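Peer 1: Following this message is one structure expressed as structure tokens.
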Amino acid sequence: MTDRAYSLFEEQQKARGINLEEVKAQLKALKIETPSWGYGDSGTRFKVFQKEGVPRNPFEKFEDAAQVHGLTGLCPSVAIHIPWDKVEDYGKLRNHAEGLGLKIGAVNPNLFQEDDYMLGSVTNADAAIRRKAINHLLECVDIAKETGSRDLSLWFADGTNYPGQGDIRKRKNWMLEALGEMYKAMTPEMRMLIEYKCFEPAFYHTDIADWGMAFNYALKLGPQAEVLVDTGHHLPGANIEHIVAYLLDEKRLGGFHFNSRKYADDDLIVGTTNPYELFLIFYQILNAAKDLDAGVRDNVANIAYMIDQSHNIEKKIPAMLRSVLNVQTQFAKALLINHAEIEEAQVNGDVLGAEDAVRRAFEFDVTPLLHAIREEQGLPLDPMKAYLSSAYGKDILARGKGGASW
Ligand code: PSV
Ligand code: MN
Ligand code: MN
């Protein structure tokens, strides 16, 4: 049955000029990092529901992440958050990860959960608090050396709630000073990924409020600093694909934090409400992958695809599986775009023809293609079903309640 469905699919795509062997190779190369915090209990300011079976420590988070990777072949690395994932011996955590076939991915500092940081961390008017915050950033560089991590992902809650509360320009410069000190401490292999967010927890102004500010810091710092696009961190109506295309052309797109949003930074499962947006993001990436400028192509090759979600009511491992499978599905669809057809329509000023050429790829059912690559990789055709019928979800219930939470 699968074979027949695939043969028909192959015939259909061949007729459109799509080389499915190339598509399959690209699909097999897709890697999506999952976040350690997505395996723990997390939630809203109203309640964090404690679930049974949640990992009790960073080691167990990696065990759960290994399930997601084992069933999908998509997630060989896991981002960590310090101090949520603080351990005495990072070498031991690294060995544990490697024993499970995983790597430790991006290191995320945490500068938003201590009383000292109420009025800001690296942008606090108090020099002692700024020093403390910078020391934490430097600690994270040291941790990244031990874990073998390339990326440091920085998100700051820093901002103000009222006009006059802080000196916006002074804070801008304090931010640059802190990033500059961290930048200097990085090894040549490391990258600083600067995340922006339009609001929350500060509501009047946020020190790094949008991609332009993050980009400006990156430019001032140097080539190892890039912008991290968290899909949830934009105002309604923002054209994220445009930001992606722009940053790629500037060779400063560090990576993504994928999630889905309905209103704000909702941190819902990616692709549940925004599948077309996700597809259009991949359209821009694949378009840049054919650029004549090797620097742009190199940027595409180094994009870090990461999930950043908080699973409040959903079961963590199935939620993570759903997320990465949704990303894989939209990537597969984007790989079916016939770029030459779009270009021709553009040259002819054929607006509807161009739009149609983009959308048509989205409308294909890529199930036969995904089944084919999973079969070739020795993976279950339906990873979610395989997980739900395995014993793992039941076995971890023995961990009881009260697992790690943020
Ligand atoms: C807060 O908005 C946030 O969701 C940011 O996106 C960070 O990447 C994440 O938390 C982890 O610190
Ligand atoms: Mn994020
Ligand atoms: Mn966020």
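Values quoted throughout were computed directly from the atomic coordinates according to the rules given, and no laboratory measurement underlies them. These numbers come from a predicted model, not from an experiment. Using ideal geometry, Cβ is built from the backbone for each residue, glycine included, and neighbour counts are taken over all protein chains shown.
Peer 1: Select from the stretch 50-158 those chymotrypsin sites (Phe, Trp or Tyr not before Pro) which occupy a DSSP coil region and have at most 16 other Cβ atoms within 10 Å, ordered by residue number.
Peer 2: On the way: sites: 59, 62, 84, 90, 112, 117, 155, 156; in loops: 84, 112, 155, 156.
Those that pass, being in a loop and sparsely packed, are 112.
Peer 1: Hey, what number do you get for the chain at 222 nm if only DSSP H runs of n ≥ 4 count, each worth -39500 (n - 2.57), divided across all residues, to the nearest 500? It would help to have the intermediate numbers written out before the result.
Peer 2: Numbers: 16 runs with 191 residues, N = 406.
Calculated at 222 nm, the ellipticity per residue is -14500 deg cm²/dmol.
Peer 1: Oh, and also: Rg and Dmax of the stretch 204-289, Cα atoms, in Å?
Peer 2: Final numbers for Rg and Dmax: 13.0, 38 Å.
Peer 1: For each pair in 197/385; 315/385; 61/262; 132/184, compute the distance between the two Cα atoms and list the pairs where it is over 25 Å.
Peer 2: On the way: 197/385 36 Å; 315/385 14 Å; 61/262 28 Å; 132/184 17 Å.
In this structure, 197/385; 61/262 exceed 25 Å between Cα atoms.
Peer 1: Something else about it: Could you check what % of the DSSP bridge pairs in the stretch 31-337 are antiparallel, to the nearest 5?
Peer 2: Working: 3 of 28 bridges.
The antiparallel fraction comes to roughly 10 percent.
Peer 1: Looking at the stretch 307-362, which GluC sites (Glu not before Pro) are DSSP coil and have at most 16 other C-beta atoms within 10 Å of their C-beta? Before the final figure, lay out each step's value.
Peer 2: Details: sites: 314, 341, 343, 344, 355; in loops: 314.
Answer by residue number: 314.
Peer 1: Mind pulling the angle between the C-alpha long axis of helix 168-185 and the longest principal axis of the chain? Nearest 10 degrees, somewhere in 0 to 90.
Peer 2: Its long axis makes an angle of about 70 degrees.
Peer 1: Take the alpha-carbon centre of the stretch 248-267, take the same for the stretch 102-181, and report the distance between them in whole Å.
Peer 2: 20 Å
Peer 1: Next question. Report the GluC sites (Glu not before Pro) located in the stretch 1-106 that are in a DSSP loop and have at most 13 other Cβ atoms inside 10 Å of their Cβ, or state none. Could you put the intermediate results ahead of the total?
Peer 2: Working: sites: 10, 11, 21, 22, 33, 52, 60, 63, 88, 98; in loops: 52, 88.
When the GluC sites (Glu not before Pro) of the stretch 1-106 are filtered for loop state and at most 13 Cβ neighbours within 10 Å, 52, 88 remain.
Peer 1: Would you give the gap between the C-alpha center of the stretch 42-65 and the C-alpha center of the stretch 280-308, rounded to a whole Å?
Peer 2: Cα centres, the stretch 42-65 to the stretch 280-308: 33 Å.
Peer 1: Take 96, 69, 233 and order them by how many other Cβ atoms sit within 10 Å, fewest up front.
Peer 2: On the way: 96 18, 69 22, 233 27.
Fewest-to-most ranking of 96, 69, 233: 96, 69, 233.
Peer 1: How about residue 14: which lysines have a C-alpha closer than 17 Å to its C-alpha, ignoring those fewer than 8 places off in the same chain?
Peer 2: Counting by Cα, and skipping residues close in sequence, residue 14 has these lysines nearby: 24, 333.
Peer 1: Can you sort 149, 390 from fewest to most other Cβ atoms within 10 Å of each residue's own Cβ?
Peer 2: 390, 149
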